[in-house]
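Here is the structure we will look at.
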Amino acid sequence: MLTQQPAMPSPGRVLDALPTLQTPDPHEAQQRISELFCEHTLQPLSGRGNVKLNLRSSGAGFGVHLLDYGTAVRIDPGALETFYMVQVPLSGSAQMRSAGSTVESTPNLATIPPIDHDFSMTWQAGTPQLIVTAPRELLNDAAAALYGARLEGPLKLANSMDLSDQAGKSFMRSVFEYHDLVNSPGVAPTPYARRLHEEMVLARWLTAVKSNFSASLAQWDAPAAGTKNSTLVSAFSKLLEIHSGEDLSVGDLAEALGVSIRTLQVALARELGSTPSRMLHEARLRRAHAMLSEADPGFDSVTSIAERCGFGHLGRFAQAYKRHFGIAPSQTLRNPSPR
């Protein structure tokens, strides 16, 4: 699991349960990566003109990818237009040039290419990158849910993300958790588990990077007009109890309350010192506990119940369950409540 990593993982551990595309041919590398991301030109900077491509991907759209050219290259895409991207060097360094500025990225500083104009990149040899992609509309919708408003123009992000501060570290933890979800061999995550993890990655992405939304963040730090913190917290807690058996995300709950995710975050932090995600996580644990207590061990399993409650990684679910209830989920299943 990458979530156990104290630092950046080695490239060999990233998406290691998925197939690897390897080729020394720069033309094939350019074609295959164009199909996955966008059209671009690729120029190897080594004397022989070859690459040592290693590519692993969770698929188009929202996802995580490992991309390593194995040598120094220059990459010239057009504007991304339809999707956003975060590029995290696992080692080495890379440069991104855009609109007269240059960002030198390292394992502590990710780059975020612009989506509305051209840019160019130079990746040095020994710079494998972990890449996170999100469709444009998906990140726009996540920003609207987080801040409770829609921009009249496009969402504009800063061209880098500091991975050494708390927000950057939180973003990477959510990426690693999503990675572990999709990297389980032979196990397809449930739609609910995938949606919960996607929402977390997008929210932490937006929190970790400056944008034309976050520039006016202060105005979203107060509850909606006429809404007191205590009233909002009470309503949120009640929603969790009533609807804990449904496949709801933090965004769904905030929408039902008529507030932004940011407003909900601030209210819970001030009154309870907690977060919507943590409280939803605990509600899902209680839901799993109730289901395990009522289950028939001859027909049900810990894995199936964990998946139905939105837990995509059995090992992490078992750890969280034991921390919360003091026993393993299998013990609850073996000793069901009297019928």
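The values are calculated or read from the model by the stated rules, or taken from the named source; none is laboratory data. Remember, predicted model here, so these are calculated numbers, not experimental data. FYI the Cβ positions are ideal-geometry reconstructions off the backbone, even for glycines, and counts take in every protein chain you see. When the accessible area is computed, the model is the full protein with side chains, heavy atoms only, and any ligands, DNA or RNA have been set aside. Shrake-Rupley method; radii C 1.70, N 1.55, O 1.52, S 1.80 Å.
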Scanning for something under 21 Å from residue 184 (Cα atoms), open to solvent by less than 50 Å² (accessible area, probe 1.4 Å) and out of contact with any Ser or Thr (no Cβ under 7 Å at 6 or more places or on another chain), does region 325-332 turn up at least one residue? yes
Residue tally, condition assigned to a loop (DSSP other than H, G, I, E, B) and surrounded by 15 or more Cβ atoms within 10 Å (Cβ to Cβ), over region 79-90: 2
Within region 200-242, count every residue that is open to solvent by 70 Å² or more (accessible area, probe 1.4 Å), assigned to a loop (DSSP other than H, G, I, E, B) and at pLDDT 70 or above. 1
Tell me, yes or no, whether region 121-132 has at least one residue that is closer than 27 Å to residue 248 by Cβ, under 11 Å from the mean Cα position of the chain (by Cα) and crowded, with 17+ Cβ neighbours inside 10 Å. yes
Checked region 184-194 for anything in a loop (DSSP other than H, G, I, E, B) and crowded, with 17+ Cβ neighbours inside 10 Å; matches are 189, 190
Being more than 29 Å from residue 235 (Cβ to Cβ) and open to solvent by 40 Å² or more (accessible area, probe 1.4 Å) narrows it down to one of 316, 278, 308, so name that one. 316
Could you tell me whether residue 76 is free of Cβ contacts under 8 Å to residues at least 60 places away in the same chain, part of a strand (DSSP E or B), open to solvent by 20 Å² or more (accessible area, probe 1.4 Å) and farther than 22 Å from residue 169 by Cα? yes
From the list 325, 299, 317, which residue is of a type in the set (A, V, I, L, M, F, W, C) and in contact with a Cys (Cβ under 9 Å, 6 or more places away or on another chain)? 317
In region 149-183, which residue that is in a helix (DSSP H, G or I) and among the small types (Gly, Ala, Ser) is nearest to residue 316 (Cα to Cα)? 174
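So that you can scan it fast, the table gives a plain yes or no per residue for (1) touching a residue at least 40 places away in the same chain (Cβ under 8 Å); (2) within 22 Å of residue 181 (Cβ to Cβ); (3) polar (S, T, N, Q):
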| position | (1), (2), (3) |
| --- | --- |
| 231 | no, no, yes |
| 247 | yes, yes, no |
| 263 | yes, no, yes |
| 268 | no, no, no |
| 298 | no, no, no |
| 308 | yes, yes, no |
Residue 197: passes all of (1) open to solvent by less than 60 Å² (accessible area, probe 1.4 Å); (2) out of contact with any Asp or Glu (no Cβ under 7 Å at 6 or more places or on another chain); (3) at pLDDT 75 or above; (4) not acidic (Asp, Glu) but (2)
Would a scan of region 150-161 turn up a residue that is over 15 Å from residue 202 (Cβ atoms), open to solvent by less than 40 Å² (accessible area, probe 1.4 Å) and touching a Pro at 6+ places or on another chain (Cβ under 8 Å)? no
Cβ contacts < 9 Å: first residue farther than 14 Å from residue 123 by Cα and part of a strand (DSSP E or B), restricted to region 33-53; second residue open to solvent by 40 Å² or more (accessible area, probe 1.4 Å) and modelled with pLDDT of 95 or more, any location; separation 6+ or different chain. Result? 40/30; 40/76
Check 67, 53, 45 and return the single one that is open to solvent by less than 30 Å² (accessible area, probe 1.4 Å), more than 24 Å from residue 202 (Cα to Cα) and not β-branched (Val, Ile, Thr). 53
Can you pull out the residues in region 290-305 that are loosely packed, with under 14 Cβ neighbours inside 10 Å and among the hydrophobic types (A, V, I, L, M, F, W, C)? 299
